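Novice: The structure's right below; bear with me while I get my questions together.
The values are calculated or read from the model by the stated rules, or taken from the named source; none is laboratory data. All figures in this text were calculated on a predicted structure; none of them were measured in a lab. Because the Cβ atoms are built from the backbone with ideal geometry, glycine has one as well, and the counts that use them run over all protein chains shown. What goes into the accessible areas is simple: the full protein's heavy atoms, side chains included, and nothing from ligands, DNA or RNA. Shrake-Rupley method; radii C 1.70, N 1.55, O 1.52, S 1.80 Å.
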Amino acid sequence: MAFIPDAQAVELQDFNGAWTPSPALTDPTKIPVTNGRLARNVSYFGANVATRFGHSAVFNPSASITSMINWLFLNGTTPANYLAFYVPGTGVRTANLASPTASTLIAETTGTTASLCSLGKQMYAGFMDANGIGVAPGKVCAFGGTAEPLFAAPITTVPIMSEVSTNITTAGAKKFGYLIQTSNGFITRPSPAPSDVFTPVSYTSATGIIEMSISPPAFVWPTYAVKVAMIATTTANPNRYFIVPSPSGAGNSPFVPVVVGAATKVYMFCTDSYLTENGVDATPYLTQLSQTVSATAPINPSVIAPYGQRLAYQCLDSAGTPVTYFSDSSAPQSLNAANSAVYLPGNLATTTGFALRESFYILGPHWTYAVTDSNDYPSTWAQPQLVDGAIGAIGPFCVSLNATMNFAWVADEAGLYLFQGGSYSSRPVSYWQTTDWQRINFAATTKIQVVDHKSNQRVIVLAPLDGATTPTHQLVFDYSLGNTPELIQYSLNSIASYSQGAIAMVQNNTTKHVEPWIAPSSSAYSIIRENDGTEASPYRDVAAAIDSAYEYAPLPRGFQGNVIMHHGLQLRVRGSGTATLTMYSVDQAVSAGPFSLTLETAPDAEILQRFFIRSEYASGRMATNAVDQWFNLARIDHYFTLGSPSR
C-alpha cells in the first residue's frame, strides 16, 4: 500500500528484544533492525512482541518477605506443596498451598534474610544480614516437628553407672558417656560435657549387665533430644569409644527414647570383643562441630546448599575467615573443623555456591572456584580449582541452576552470565542491555535474586534499580531463540502499585505448572503469581494496569546521507482496548503522535496510520497502559520517501 507515489517500505516481521544504549552501543542507528530500542513489560512469542501477562493474588501473608522457596515433599504417601519464606523480625513461615494460611515454622528475629534449603521433609535455614553475612545460628525443622538449632549441644548431666547379674560383660575398668540424637537425626558430641569438654565416667565392670541412668535436672531434656545411646571403651583400650550395640541384637538401633519425668536408662549387654566387632566407632563424634553447652553456635551459616548426599555451609570460621564446610555423606549436620572445611586460595570471600553435575562451585563477588567430592573427607579433596578470576556472584541469591540443561545463570556486577560446561560465556547475555544492568544497586546484595523459568525459557533478575534498597524491577531475558547476547530477547518489567520483595519458582497447586511467584516487601500486599493466560483477566497486575511498550529500531537503513520523509505505518496487530503509537526522529528530538489505535482480538484487517517526520531515521513506539489493555504486534510496514542528501 503506497501512501504517495514513489514511497518505499521496510517490512518488519521479527521483534527480537531491546538493545539499550551502552558503551558498546553508543548510537541507536547501530541497533539491528530486528531488535528494539525499548521493551517494557513485554513478552516474546516467536517473532511477535506482546504485552506480558499480569499477576494474580494468591494470599496475603501480612508480612514483608525477603526470601522464598517452594517446599515439595511427601507427607507419608501424599505429595505436599508448601511455600516457605523469611520474614525479618519473625523467622521462617510456611503455608500449605492447598489452602494457604501462613504460620511460623522457625522463629528467628535477628536476620535480614535467610537461605532456605529443603531436604525432603526437613527445612534448613541460614540467617544473614543485609550484606549476606551469617548473623545467627542456623536452624532445622522437620514438617510437623519443632525447630531446633543446627549442631545441637551435648549436656552436662553425669550418668550413674551400676550393674546387675554376672558373666555378661568383660571385667575391668572402662570409660562411658552417651550420645543424644535429635528429632532431625543429628547426633551430638558426647555427654557429659561439663565446661563444654567431654568428661567420661569411669566404671569397673564385674562382668554384669552395665546400666547407665541419666537424670537431667527435673528429668527435663533439651527440646531437641529424642533418643540416647551409650558409648564405651574396652578395658584393654580406654582411649577408643564405640556406640554400645542394642541389647536386642544386630540390626536394632542402639538409641533408646529419652524418658521425661524419670531417669532414662541404657544397658550394655556385651563383651569387649563383641563391642569392637559390632559397635560403631564413636571417635568422629568427639571432634565434630556443635554448639557449646551454653548454646553458642560453632558457625553462623549464611548460605546452605545441597551437594550430592552432603550439605554445604558457607560462613565465617571462628577466626573470621570465609570457609565452606561440607557435611559427611548422608549426615547433613555432621561437620568437623579439621576435616570438613574448604578454604579458597588467599582466604577469598564467598557469597554463594551451587552443585552442578559432579562439582560444587564456590563463588565470591568476582571469582569462581570448583571442588569435586572424592568420596573422602573434604580436607583430602583436590585444592579448589580456579574457574574464573573475574566473574562471580554479587550476592547469595544471584545464582539460578537449570540442572535439566546442565547450566546456571550467575549475576555478576558486569552482567548476567551463562555458566555451562564448567566455564562462563565470553560475554554476559545482558551485554546489549548494559545501561539497564548498571542501574542495579549492587550495594543491596541480598535484594538481587535470580530465577530460571525453565518451561518458558526465561531468566528473571529481580533487582533494586536507581539507588533503591528493595527490588523495583525484573530484568527478563528470554533465551528461547538462543542464549547468546544477540539472540536474547529482553524486557525491563515492573509491577504498578506493588512492592516486590522476593521471587521463586513455585508449583501451582491446581495446574501443577511451575511459575514465577513474587512476595511483597510490604505487609500491605499479597503474594502474587504470574498469569498464564487462562485467567478471566490475564492482562492486569492484580487490579492495576500493565504499562507495556515496545519501540522498534530506527529505520530505514542503507540510505546514509539522505534526509528521509517518513509517511506512515501499516500494522498487523491484535489486542484489546486502545494502544498509542508515537513516532520519533532518530534522536527523539521530534515526535508525531501519540495516535490512538483501536485494538481487536481478531481484527481481520491491518491498521494504517499516517504521520509525517523528516529525519534520517525514525522509530515507532506502541504502548498500552490501562486495565485489561494489551497488544500483540506481528508485522510493520514502515513507509518513507527519499529526500535531499542534505538539510
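Novice: How much of the DSSP bridge set in region 15-160 is antiparallel, in percent, rounded to the nearest 5?
Specialist: Looking only at bridges with both residues in region 15-160, the antiparallel portion is about 100 percent.
Novice: Pairs Lys174/Lys227; Lys30/Lys454; Lys175/Lys265; Lys121/Lys175: which exceed 28 Å Cα-Cα?
Specialist: Table pairs above 28 Å Cα-Cα are Lys30/Lys454; Lys121/Lys175.
Novice: Taking only DSSP H segments of four or more residues, each worth -39500 (n - 2.57), what value at 222 nm results for the chain once the sum is divided by all its residues, to the nearest 500 deg cm²/dmol?
Specialist: The helix contribution divided over the chain gives -500 deg cm²/dmol.
Novice: If I take every Cα pair under 8 Å that is 6 or more residues apart in region 172-292, average their sequence separation and divide by the length, what percent do I get for the relative contact order?
Specialist: About 30 percent, as a whole number.
Novice: From the P(r) of region 41-188, can you give the percent of Cα pairs sitting at distances over 19 Å?
Specialist: Percentage above 19 Å: 66.
Novice: Quick one: go through region 277-317 and flag any residue whose amide nitrogen is under 16 Å from the point 7 Å out along the Cα-to-Cβ line of Thr110.
Specialist: 291-303, 315-317
Novice: Leaving out ligands and nucleic acids, note down the accessible area per residue over region 229-294 with a 1.4 angstrom probe, in whole Å².
Specialist: Result: 47 Å² of accessible area for each residue.
Novice: Another question about this same structure. Counting only heavy atoms of the protein chains, get the accessible area per residue of region 423-578 (1.4 Å probe) and round it to a whole Å² value.
Specialist: Accessible area per residue, region 423-578: 33 Å².
Novice: So for the chain, taking the charge dipole from beta-carbon charges (+1 Lys/Arg, -1 Asp/Glu), which of Ala57, Val266, Gly482 sits furthest toward the positive end?
Specialist: Result: Val266, furthest along the dipole toward the positive end.
Novice: Separate question: Given points 7 Å out from each Cα along the Cα-Cβ axis, report the Ser423 to Ser162 separation in nanometres with one decimal.
Specialist: Going from the Ser423 label point to the Ser162 one covers 7.2 nm.
Novice: Just to confirm, what accessible area per residue do you get for region 1-105 at 1.4 Å probe, in whole Å²?
Specialist: 41
Novice: Turning to a different aspect of this structure: Compute the length gained on full extension between Leu487 and Ala602: take 0.36 nm times their separation in residues and subtract their Cα-Cα distance, giving the result in nm to one decimal.
Specialist: 38.4 nm
Novice: Over the chain, calculate the relative contact order: mean separation of alpha carbon pairs under 8 Å at least 6 apart, over the residue count, as a percent.
Specialist: Contact order relative to length: 16 percent.
Novice: Need one value: the accessible area of Val260 in square angstrom, 1.4 angstrom probe, rounded to the nearest 10.
Specialist: Per-residue accessible area (Val260): approximately 120 Å².
Novice: From the P(r) of region 491-632, could you give the percentage of C-alpha pairs in the tail past 27 Å?
Specialist: Of the Cα pairs, 39 percent sit more than 27 Å apart.
Novice: Take the solvent-accessible surface of the protein heavy atoms, probe 1.4 Å, and return the percent of it on the chain that carbon and sulfur atoms account for.
Specialist: Within the chain, the accessible surface is 52 percent carbon and sulfur.
Novice: A further question follows. Over the alpha-carbon set of region 81-153, work out the extent along each principal axis and list the three values in angstrom, largest first.
Specialist: 34, 27, 16
Novice: Still on this structure, I have one more. If packing is taken as the mean number of other Cβ atoms within 10 Å per residue, what is the order of 423-434, 205-216, 303-314, highest first?
Specialist: Peptide ranking by packing, descending: 303-314, 423-434, 205-216.
Novice: Compute the Rg to Rh ratio over the chain from the alpha carbon atoms, using the Kirkwood formula for Rh, and round to two decimal places.
Specialist: With Rh from the inverse mean 1/r over Cα pairs, Rg/Rh is 1.13.
Novice: Sort largest first and round to whole Å: the equivalent ellipsoid semi-axes of region 401-558, each the square root of five times a Cα gyration tensor eigenvalue.
Specialist: Here the semi-axes work out to 25, 19, 18 Å.
Novice: Per the Kirkwood treatment, what hydrodynamic radius in Å, one decimal, follows for region 575-647 from the mean inverse distance over all distinct Cα pairs?
Specialist: This gives a value of 13.7 Å.
Novice: Could you give the length gained on full extension between Asn237 and Ser62, defined as 0.36 nm per residue of separation minus the Cα-Cα distance, in nm?
Specialist: Difference between extended and current length: 57.0 nm.
Novice: Jot down the radius of gyration and Dmax of region 255-401, Cα atoms only, both in angstrom.
Specialist: Rg and Dmax of region 255-401, Cα atoms, are 18.9, 61 Å.
Novice: While we're here: Ordering His473, His55 by accessible area with a probe of 1.4 Å, largest first, what comes out?
Specialist: His473, His55
Novice: Also: Please label the shape of region 394-435 as rounded, prolate or oblate, based on the square roots a ≥ b ≥ c of the eigenvalues of the alpha-carbon gyration tensor (a/c under 1.5 means rounded; beyond that, a/b larger than b/c means prolate, else oblate).
Specialist: It comes out oblate by the Cα gyration axes.
Novice: Just to compare against my own numbers: the Cα pair-distance distribution for region 316-381, 10 Å bins, whole % per bin, please.
Specialist: 20, 56, 23, 0
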